[in-house]
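The values are calculated or read from the model by the stated rules, or taken from the named source; none is laboratory data. This is a predicted model, so every value here is computed, not measured. Reconstructed Cβ throughout: ideal geometry from the backbone, glycine too, with neighbour counts over all protein chains shown.
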2 protein chains.
Amino acid sequence: MENIVEVKTPIYPIRTAAKLLGISVPTLRMYEKEGLIIPHKTDGNQRIYSEADLERLRCIRRAISESKISINGIKTIYSLIPCWEVVKCSEGDRKVCNAFQSHEQPCWTFTHPNTTCENRDCKEC
Amino acid sequence: MENIVEVKTPIYPIRTAAKLLGISVPTLRMYEKEGLIIPHKTDGNQRIYSEADLERLRCIRRAISESKISINGIKTIYSLIPCWEVVKCSEGDRKVCNAFQSHEQPCWTFTHPNTTCENRDCKEC
DNA sequence: AAAAGTTGATAACTCTAAATATCAACTATC
DNA sequence: GATAGTTGATATTTAGAGTTATCAACTTTT
(Lines give C-alpha, C1' and ligand atoms only; values in the text may rest on other atoms or scores of the structure.)
Protein backbone atom coordinates (compact mmCIF):
# COMPACT_ATOMS: atom_id res chain seq x y z
CA MET A 1 0.00 0.00 0.00
CA GLU A 2 2.83 2.35 0.95
CA ASN A 3 4.28 1.58 -2.45
CA ILE A 4 1.13 2.35 -4.40
CA VAL A 5 0.81 5.70 -2.72
CA GLU A 6 4.41 6.48 -3.55
CA VAL A 7 4.30 5.73 -7.29
CA LYS A 8 1.22 7.87 -7.58
CA THR A 9 2.73 10.88 -5.85
CA PRO A 10 3.31 13.72 -8.31
CA ILE A 11 6.94 14.83 -8.22
CA TYR A 12 8.41 15.55 -11.65
CA PRO A 13 7.84 18.86 -13.45
CA ILE A 14 7.34 18.54 -17.19
CA ARG A 15 10.92 19.22 -18.19
CA THR A 16 12.24 16.49 -15.92
CA ALA A 17 9.61 14.04 -17.05
CA ALA A 18 10.43 14.76 -20.68
CA LYS A 19 14.12 14.21 -20.04
CA LEU A 20 13.46 10.94 -18.24
CA LEU A 21 11.38 9.74 -21.16
CA GLY A 22 13.75 11.02 -23.82
CA ILE A 23 11.15 13.18 -25.54
CA SER A 24 10.41 16.89 -25.82
CA VAL A 25 8.12 18.97 -23.66
CA PRO A 26 5.62 19.77 -26.47
CA THR A 27 5.28 16.05 -27.17
CA LEU A 28 4.36 15.40 -23.57
CA ARG A 29 1.78 18.15 -23.69
CA MET A 30 0.45 16.74 -26.93
CA TYR A 31 -0.16 13.32 -25.35
CA GLU A 32 -2.20 15.05 -22.71
CA LYS A 33 -4.18 17.01 -25.28
CA GLU A 34 -4.99 13.71 -26.98
CA GLY A 35 -6.28 12.35 -23.71
CA LEU A 36 -3.65 9.65 -23.29
CA ILE A 37 -2.49 10.91 -19.90
CA ILE A 38 -3.83 13.25 -17.25
CA PRO A 39 -1.08 14.46 -14.90
CA HIS A 40 -1.63 16.23 -11.61
CA LYS A 41 -1.49 20.02 -11.71
CA THR A 42 -0.34 22.63 -9.20
CA ASP A 43 -2.45 25.53 -8.01
CA GLY A 44 -0.66 27.59 -10.65
CA ASN A 45 -1.76 25.13 -13.35
CA GLN A 46 1.63 23.52 -13.87
CA ARG A 47 1.92 19.80 -14.59
CA ILE A 48 3.56 17.40 -12.16
CA TYR A 49 4.09 13.77 -13.12
CA SER A 50 4.16 10.77 -10.81
CA GLU A 51 6.23 7.62 -11.23
CA ALA A 52 3.03 5.86 -12.29
CA ASP A 53 2.47 8.53 -14.95
CA LEU A 54 5.96 7.90 -16.29
CA GLU A 55 5.34 4.17 -16.47
CA ARG A 56 2.15 4.76 -18.35
CA LEU A 57 3.95 7.13 -20.72
CA ARG A 58 6.68 4.57 -21.34
CA CYS A 59 3.94 2.17 -22.30
CA ILE A 60 2.48 4.72 -24.73
CA ARG A 61 5.94 5.41 -26.11
CA ARG A 62 6.49 1.71 -26.76
CA ALA A 63 3.15 1.44 -28.51
CA ILE A 64 4.07 4.31 -30.82
CA SER A 65 7.77 3.67 -31.51
CA GLU A 66 7.98 -0.10 -31.35
CA SER A 67 4.50 -1.41 -32.03
CA LYS A 68 3.78 1.33 -34.60
CA ILE A 69 0.34 2.03 -33.24
CA SER A 70 -0.93 5.52 -34.02
CA ILE A 71 -2.19 7.83 -31.29
CA ASN A 72 -5.76 7.41 -32.51
CA GLY A 73 -5.21 3.68 -32.40
CA ILE A 74 -4.11 3.87 -28.77
CA LYS A 75 -7.12 6.01 -27.97
CA THR A 76 -9.42 3.43 -29.51
CA ILE A 77 -7.72 0.59 -27.68
CA TYR A 78 -8.11 2.41 -24.38
CA SER A 79 -11.73 3.10 -25.18
CA LEU A 80 -12.34 -0.60 -25.66
CA ILE A 81 -11.50 -1.36 -22.07
CA PRO A 82 -14.82 -2.25 -20.50
CA CYS A 83 -14.27 -0.19 -17.37
CA TRP A 84 -17.84 -0.88 -16.29
CA GLU A 85 -16.86 -4.48 -15.73
CA VAL A 86 -13.97 -3.45 -13.54
CA VAL A 87 -15.91 -0.89 -11.61
CA LYS A 88 -19.17 -2.82 -11.41
CA CYS A 89 -21.17 0.34 -11.77
CA SER A 90 -24.93 0.15 -11.55
CA GLU A 91 -27.38 -0.02 -14.43
CA GLY A 92 -28.48 3.46 -13.48
CA ASP A 93 -24.93 4.76 -13.66
CA ARG A 94 -24.47 3.29 -17.11
CA LYS A 95 -27.51 5.01 -18.47
CA VAL A 96 -26.08 8.45 -17.73
CA CYS A 97 -22.49 7.48 -18.58
CA ASN A 98 -21.07 9.18 -21.67
CA ALA A 99 -18.27 6.69 -21.94
CA PHE A 100 -20.46 3.63 -22.00
CA GLN A 101 -21.07 3.60 -25.71
CA SER A 102 -18.30 5.53 -27.47
CA HIS A 103 -15.21 3.93 -28.92
CA GLU A 104 -13.55 7.13 -29.98
CA GLN A 105 -11.95 8.11 -26.72
CA PRO A 106 -10.81 6.49 -23.48
CA CYS A 107 -13.46 6.45 -20.77
CA TRP A 108 -11.55 8.86 -18.56
CA THR A 109 -11.74 11.65 -21.13
CA PHE A 110 -15.46 11.86 -20.51
CA THR A 111 -17.08 13.50 -17.55
CA HIS A 112 -18.81 11.15 -15.17
CA PRO A 113 -21.29 13.33 -13.36
CA ASN A 114 -23.04 11.69 -10.43
CA THR A 115 -21.71 8.18 -10.97
CA THR A 116 -19.51 5.71 -9.15
CA CYS A 117 -16.69 6.67 -11.49
CA GLU A 118 -16.71 10.34 -10.65
CA ASN A 119 -13.23 10.25 -9.14
CA ARG A 120 -11.77 7.09 -10.54
CA ASP A 121 -8.50 6.54 -12.32
CA CYS A 122 -8.24 3.80 -14.95
CA LYS A 123 -5.35 2.42 -16.94
CA GLU A 124 -3.94 -0.51 -18.91
CA CYS A 125 -0.87 -1.43 -20.92
CA MET B 1 -29.85 -17.85 -43.62
CA GLU B 2 -29.99 -17.62 -47.40
CA ASN B 3 -28.67 -14.12 -47.03
CA ILE B 4 -25.71 -15.03 -44.88
CA VAL B 5 -24.64 -17.66 -47.34
CA GLU B 6 -24.87 -15.16 -50.15
CA VAL B 7 -22.74 -12.39 -48.64
CA LYS B 8 -20.07 -14.93 -47.87
CA THR B 9 -19.94 -16.35 -51.38
CA PRO B 10 -16.67 -15.40 -53.10
CA ILE B 11 -17.38 -13.65 -56.39
CA TYR B 12 -15.11 -10.66 -57.04
CA PRO B 13 -11.59 -11.06 -58.44
CA ILE B 14 -9.03 -8.70 -56.96
CA ARG B 15 -9.23 -6.04 -59.65
CA THR B 16 -12.98 -5.72 -59.27
CA ALA B 17 -12.77 -5.65 -55.50
CA ALA B 18 -10.11 -2.94 -55.66
CA LYS B 19 -12.26 -0.86 -57.99
CA LEU B 20 -15.31 -1.23 -55.76
CA LEU B 21 -13.26 -0.08 -52.78
CA GLY B 22 -11.49 2.71 -54.63
CA ILE B 23 -8.02 1.44 -53.88
CA SER B 24 -5.25 -0.26 -55.82
CA VAL B 25 -4.58 -3.96 -56.16
CA PRO B 26 -1.24 -3.90 -54.28
CA THR B 27 -2.95 -2.22 -51.35
CA LEU B 28 -5.52 -4.97 -51.18
CA ARG B 29 -2.77 -7.58 -51.23
CA MET B 30 -0.93 -5.67 -48.52
CA TYR B 31 -3.92 -5.79 -46.19
CA GLU B 32 -3.92 -9.53 -46.61
CA LYS B 33 -0.20 -9.76 -45.93
CA GLU B 34 -0.81 -7.84 -42.71
CA GLY B 35 -3.43 -10.36 -41.71
CA LEU B 36 -6.38 -7.96 -41.81
CA ILE B 37 -8.33 -10.03 -44.31
CA ILE B 38 -8.20 -13.57 -45.63
CA PRO B 39 -10.07 -13.91 -48.93
CA HIS B 40 -11.02 -17.19 -50.56
CA LYS B 41 -8.62 -18.51 -53.20
CA THR B 42 -9.12 -20.50 -56.37
CA ASP B 43 -7.34 -23.74 -57.16
CA GLY B 44 -4.89 -21.64 -59.15
CA ASN B 45 -4.17 -19.49 -56.06
CA GLN B 46 -6.08 -16.43 -57.19
CA ARG B 47 -8.04 -14.33 -54.70
CA ILE B 48 -11.82 -14.04 -54.81
CA TYR B 49 -13.63 -11.65 -52.47
CA SER B 50 -17.12 -12.02 -51.05
CA GLU B 51 -19.55 -9.23 -50.26
CA ALA B 52 -18.76 -9.81 -46.59
CA ASP B 53 -15.05 -9.38 -47.36
CA LEU B 54 -15.79 -6.04 -49.01
CA GLU B 55 -17.79 -4.88 -46.01
CA ARG B 56 -14.94 -5.81 -43.73
CA LEU B 57 -12.49 -4.00 -45.99
CA ARG B 58 -14.65 -0.87 -45.99
CA CYS B 59 -14.48 -1.00 -42.22
CA ILE B 60 -10.69 -1.27 -42.34
CA ARG B 61 -10.56 1.57 -44.86
CA ARG B 62 -12.62 3.80 -42.57
CA ALA B 63 -10.38 2.99 -39.63
CA ILE B 64 -7.32 4.03 -41.65
CA SER B 65 -8.57 7.06 -43.58
CA GLU B 66 -11.12 8.54 -41.22
CA SER B 67 -10.22 7.33 -37.74
CA LYS B 68 -6.47 7.56 -38.44
CA ILE B 69 -5.75 4.22 -36.86
CA SER B 70 -2.56 2.60 -38.15
CA ILE B 71 -2.55 -0.92 -39.54
CA ASN B 72 -0.70 -2.17 -36.48
CA GLY B 73 -3.32 -0.45 -34.36
CA ILE B 74 -6.09 -2.30 -36.19
CA LYS B 75 -4.21 -5.56 -35.75
CA THR B 76 -3.94 -4.96 -32.03
CA ILE B 77 -7.61 -4.04 -31.74
CA TYR B 78 -8.59 -7.22 -33.55
CA SER B 79 -6.28 -9.22 -31.32
CA LEU B 80 -8.06 -7.85 -28.27
CA ILE B 81 -11.33 -9.46 -29.26
CA PRO B 82 -11.76 -12.28 -26.78
CA CYS B 83 -12.81 -14.85 -29.36
CA TRP B 84 -12.74 -17.53 -26.67
CA GLU B 85 -15.74 -15.91 -25.10
CA VAL B 86 -17.62 -15.96 -28.36
CA VAL B 87 -16.64 -19.47 -29.22
CA LYS B 88 -16.84 -20.93 -25.74
CA CYS B 89 -13.88 -23.15 -26.39
CA SER B 90 -12.80 -25.61 -23.73
CA GLU B 91 -10.06 -25.14 -21.17
CA GLY B 92 -8.14 -27.82 -23.01
CA ASP B 93 -8.46 -25.95 -26.28
CA ARG B 94 -7.18 -22.76 -24.72
CA LYS B 95 -4.06 -24.43 -23.43
CA VAL B 96 -2.92 -25.35 -26.94
CA CYS B 97 -4.22 -22.15 -28.54
CA ASN B 98 -1.52 -19.83 -29.87
CA ALA B 99 -3.91 -16.92 -30.07
CA PHE B 100 -5.00 -17.07 -26.45
CA GLN B 101 -2.24 -14.92 -25.07
CA SER B 102 -0.80 -12.75 -27.82
CA HIS B 103 -1.91 -9.20 -28.52
CA GLU B 104 0.24 -8.68 -31.57
CA GLN B 105 -1.97 -10.26 -34.16
CA PRO B 106 -5.64 -11.11 -34.67
CA CYS B 107 -6.58 -14.59 -33.51
CA TRP B 108 -7.29 -15.80 -37.02
CA THR B 109 -3.70 -15.28 -38.12
CA PHE B 110 -2.67 -18.11 -35.84
CA THR B 111 -3.10 -21.77 -36.61
CA HIS B 112 -5.60 -23.54 -34.41
CA PRO B 113 -4.57 -27.17 -34.63
CA ASN B 114 -6.99 -29.63 -33.09
CA THR B 115 -9.32 -27.07 -31.49
CA THR B 116 -12.91 -25.98 -31.84
CA CYS B 117 -11.70 -22.99 -33.84
CA GLU B 118 -9.95 -24.98 -36.50
CA ASN B 119 -12.28 -23.78 -39.25
CA ARG B 120 -13.83 -20.72 -37.75
CA ASP B 121 -14.16 -17.24 -39.17
CA CYS B 122 -14.16 -14.24 -36.83
CA LYS B 123 -14.74 -10.55 -37.37
CA GLU B 124 -15.74 -7.22 -35.87
CA CYS B 125 -16.01 -3.57 -36.86
C1' DA C 1 -2.79 -20.27 -78.39
C1' DA C 2 -3.59 -15.44 -77.72
C1' DA C 3 -5.36 -11.90 -74.74
C1' DA C 4 -6.48 -10.39 -70.27
C1' DG C 5 -5.82 -10.77 -65.56
C1' DT C 6 -3.24 -12.70 -61.73
C1' DT C 7 0.73 -13.77 -58.63
C1' DG C 8 4.60 -12.34 -55.31
C1' DA C 9 8.48 -9.31 -54.78
C1' DT C 10 10.98 -5.04 -55.03
C1' DA C 11 11.44 -0.29 -55.68
C1' DA C 12 9.67 4.37 -55.67
C1' DC C 13 6.48 7.77 -54.28
C1' DT C 14 3.30 10.53 -51.47
C1' DC C 15 1.36 12.20 -47.53
C1' DT C 16 0.66 13.37 -43.03
C1' DA C 17 1.03 11.97 -38.18
C1' DA C 18 4.27 12.75 -34.77
C1' DA C 19 7.71 15.50 -33.14
C1' DT C 20 9.91 19.78 -32.58
C1' DA C 21 10.71 24.87 -32.50
C1' DT C 22 9.22 29.28 -31.32
C1' DC C 23 6.35 32.79 -29.06
C1' DA C 24 4.47 36.21 -25.42
C1' DA C 25 2.21 35.72 -21.04
C1' DC C 26 2.32 33.53 -16.72
C1' DT C 27 4.32 30.88 -12.36
C1' DA C 28 7.88 29.38 -9.39
C1' DT C 29 12.34 29.85 -7.09
C1' DC C 30 16.34 32.06 -5.20
C1' DG D 1 12.88 41.58 -8.62
C1' DA D 2 15.53 38.79 -11.43
C1' DT D 3 16.37 34.20 -13.28
C1' DA D 4 14.60 29.85 -14.70
C1' DG D 5 10.86 27.18 -15.98
C1' DT D 6 6.02 26.93 -17.33
C1' DT D 7 1.74 27.70 -20.07
C1' DG D 8 -1.14 27.39 -24.45
C1' DA D 9 -1.07 28.32 -29.28
C1' DT D 10 0.80 28.31 -33.83
C1' DA D 11 4.12 27.27 -37.30
C1' DT D 12 7.58 24.20 -39.05
C1' DT D 13 10.15 20.03 -39.75
C1' DT D 14 10.75 15.14 -40.55
C1' DA D 15 10.53 10.28 -40.51
C1' DG D 16 8.23 6.48 -42.29
C1' DA D 17 3.55 4.30 -42.86
C1' DG D 18 0.63 3.64 -46.51
C1' DT D 19 0.10 3.56 -51.26
C1' DT D 20 1.23 2.85 -55.88
C1' DA D 21 4.13 1.36 -60.00
C1' DT D 22 6.62 -2.08 -62.23
C1' DC D 23 8.33 -6.76 -63.13
C1' DA D 24 8.64 -11.70 -65.00
C1' DA D 25 6.18 -15.93 -64.13
C1' DC D 26 1.78 -17.96 -63.80
C1' DT D 27 -3.63 -18.66 -64.38
C1' DT D 28 -7.89 -17.92 -66.51
C1' DT D 29 -10.82 -17.05 -70.37
C1' DT D 30 -12.21 -16.91 -75.17
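Couple of notes before you dig in:
- When restricted to residues that are over 15 Å from the mean Cα position of the chain (by Cα), near DNA strand D (Cβ under 8 Å from one of its atoms) and among the hydrophobic types (A, V, I, L, M, F, W, C), segment B:7-46 contains 3.
- Enumeration of residues in segment A:15-35 that are assigned to a helix (DSSP H, G or I) and acidic (Asp, Glu): A:Glu32
- Any pair with Cβ under 6 angstrom, 6 or more apart, that starts in segment A:38-58 at a residue that is closer than 10 Å to A:Pro13 by Cα and ends at one that is part of a helix (DSSP H, G or I) and within 12 Å of DNA strand D (Cβ to nearest atom): A:Arg47/A:Ile14; A:Tyr49/A:Ala17
- All positions within segment A:60-74 that are part of a loop (DSSP other than H, G, I, E, B) and surrounded by 15 or more Cβ atoms within 10 Å (Cβ to Cβ): A:Ser67, A:Ile69, A:Ser70
- Checked against the criterion of being more than 27 Å from A:Lys68 (Cβ to Cβ), modelled with pLDDT of 95 or more and assigned to a loop (DSSP other than H, G, I, E, B), segment B:46-59 has at least one qualifying residue.
A quick yes/no check of all residues on (1) near DNA strand C (Cβ under 8 Å from one of its atoms); (2) of a type in the set (A, V, I, L, M, F, W, C):
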position	(1), (2)
B:Thr16	yes, no
B:Glu32	yes, no
B:Ile38	no, yes
B:Glu51	no, no
